[in-house]
Amino acid sequence: MNKLESKNGYFGQFGGMFIPEILRTTFDELIHHYKEARQDPNFWKDFVDIMSTYSCRPTPITFAENLTKHFGGGKIYIKREDLNHTGAHKANNVMGQGLLVKKMGKSRVIAETGAGQHGVATATMAAKFGYKCTIYMGKEDVERQRPNVFWMEKLGAEVFEVKDGSQTLKDAINEAFRDWVSNMDDTHYVLGTACGPHPFPEMVTWFQSIIGSEARKQMIEMNGKLPNRVYACVGGGSNAMGIFSGFLEDKDVALIGVEAAGNGLESEQHAVRLSSKEARIGVAQGYKTWFLQDNDGQMRDTYSVAAGLDYIGVSPVLAHLSETGRATFSSATDKEVIDAFNLIVRLEGLIPALESAHAFARAFKEVSHISKNESILINMSGRGDKDIFTIANALQDKKWKEFIKTQANK
């Protein structure tokens, strides 16, 4: 179990709790129950039990034999978070917060979602625990992720289409906070990533740390030693913090986060914060971190082929790990991601989410340059079923286009 904790809500200079006074009592209540849970070994046991019986924990690690032979360098291992119930690492966090909601005695949950995986996971959790559920999702993301919207609604959630701003993840977060302010007594906001005001960055990391604790043990059992490098995509940062947390104290293990370079840094159509010079430190959405802002401090529009990565900010925990040098960050363009996606599908029969494919894209650039005696571990944070429309469009798949036209004309 991960022991990472903030200092008064901060990781170095990043983090904090910048909230309207009206939410103070609600946050105090959440912090109280969260701290109680961390001190109660039975809570963690209940969490592990439900993830073992309702989801697919521990998720396995797959040795990518064909990819390893293809690149001719270090051994490639893949942590299979795609095998979680609902298809991604998001289930870890939402089930943990669902147990907290039960402790707090609340009856309704709300959430934001970009790629839709967090929305599906939250709607699933709400169905299991019997909570009312509202999901906020940017209009652009609703169009990109229609299959996930379909399942959220079938699970009983109300999906609210956000038409403000860039109509993506940051706008969905803003709308969810507005809802919470109006419905604090019976509602909990199930924030989906390791961002936002304290205690969310620390709390989400705690629930996601189950990934890293499993992975560390599994790599020793499978490989006889720890990996030399661990790769994870970075949007808000929850899957990265989940797997990184298992190796934070292992200084010989390099931690590498991969952001969305979209159409390239020169195009300004990207979501690169930690691995470019375009982001600035600021305070927004309740916390202090690196944000993509213009010279006047206004938040810029972001872009990525992967809906879950086009966020303006980044986890304060990751910002701190970057500043201290414990983790390094790079990026991958849409083209590099699609190329990596195709390679994984053809050589390993695995279908990663486009978000996860960013981590693969960077790893593929580097793995051939390391010794065959070394190994890397890539976090496959989700599966790509949800991306079929986006991927088919990116590949200009003629048969898929014909299928869509035929269905539309029926």
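Just so it is clear, none of the values below were taken in a lab; they were calculated from the coordinates. Not measured: the values here are computed from a predicted model. So basically every Cβ, Gly included, is an ideal-geometry build from the backbone, and we count neighbours across all protein chains shown.
Shape call for the range 118-247 from the C-alpha gyration tensor, a ≥ b ≥ c root eigenvalues: rounded (a/c under 1.5), prolate (a/b greater than b/c) or oblate? Working shown, then result.
Working: a/c = 2.00, a/b = 1.94, b/c = 1.03.
Cα axes put the range 118-247 in the prolate bin.
Using a/c under 1.5 as the rounded threshold, could you call the range 1-101 rounded, prolate or oblate? The axes a ≥ b ≥ c are square roots of the C-alpha gyration tensor eigenvalues, and prolate needs a/b larger than b/c, oblate otherwise. Each step should come with its number before you reach the end.
Details: a/c = 2.77, a/b = 1.79, b/c = 1.55.
Here the range 1-101 falls in the prolate category.
Return the whole-Å distance between the Cα centroid of the range 39-63 and the Cα centroid of the range 345-407.
A separation of 27 Å, based on Cα centres.
What FRET efficiency comes out for the pair E21/T53, r = Cβ-Cβ distance, R0 = 45 Å, nearest 0.05? Please report the intermediate quantities before stating the final value.
On the way: r = 41 Å, r/R0 = 0.92.
Calculated transfer efficiency: 0.60.
Extension gain M104-K225, at 0.36 nm per residue separation less the Cα-Cα distance, in nm?
Values: separation 121, 0.36 × 121 = 43.56 nm, distance 4.16 nm.
Full extension of this stretch gives 39.4 nm more.
Could you give the length gained by full extension between D296 and N8, i.e. 0.36 nm per residue of separation minus their alpha carbon distance, to one decimal place?
Values: separation 288, 0.36 × 288 = 103.68 nm, distance 2.95 nm.
Net length gain for the segment: 100.7 nm.
Got the relative contact order for the range 1-154 handy, in percent, Cα pairs under 8 Å and 6 or more residues apart? Mind dumping the intermediate values first?
Values: 146 pairs, mean separation 23.4, N = 154.
After rounding, I find 15 percent.
Nearest 0.05, what FRET efficiency do A127 and S371 give at R0 = 56 Å with Cβ-Cβ as r? All intermediate terms of the calculation are to be shown ahead of the outcome.
Details: r = 48 Å, r/R0 = 0.86.
In this case the efficiency is close to 0.70.
Put a dot 7 Å past each Cα toward the Cβ at N393 and E323; how far apart are the dots in nm?
Spacing of the two 7 Å Cα→Cβ label points: 3.8 nm.
Rg and Dmax of the range 275-358, Cα atoms, in Å?
15.1, 47
Dipole size in debye (nearest 20) for the chain around its Cα centre, Lys and Arg Cβ +1, Asp and Glu Cβ -1?
Charge dipole of the chain: 900 debye, to the nearest 20.
All other residues with a Cβ under 13 Å from the Cβ of H198 taken together, and with Lys, Arg as +1 and Asp, Glu as -1, what is their net charge? Intermediate results must be reported in sequence, preceding the final value.
Details: positive: K7, R24, K35, K288; negative: E5, D28, E202.
My count for the surroundings of H198 gives +1.
How much length would be gained if the chain were fully extended between E143 and V283, taking 0.36 nm per residue of separation minus their Cα-Cα distance, in nm to one decimal? Walk me through the numbers before you get to the answer.
Values: separation 140, 0.36 × 140 = 50.40 nm, distance 2.96 nm.
Taking 0.36 nm per residue and subtracting the Cα distance, the gain is 47.4 nm.
What whole-number value in cubic angstrom gives the convex hull volume per residue for the C-alpha atoms of the range 269-410?
Dividing the Cα hull volume of the range 269-410 by its residue count gives 152 Å³.
Beta carbons within 10 angstrom, averaged per residue: use that to sort the peptides 322-329, 80-87, highest first.
Values: 322-329: 16.5, 80-87: 22.6.
Those peptides, ordered most packed to least, come out 80-87, 322-329.
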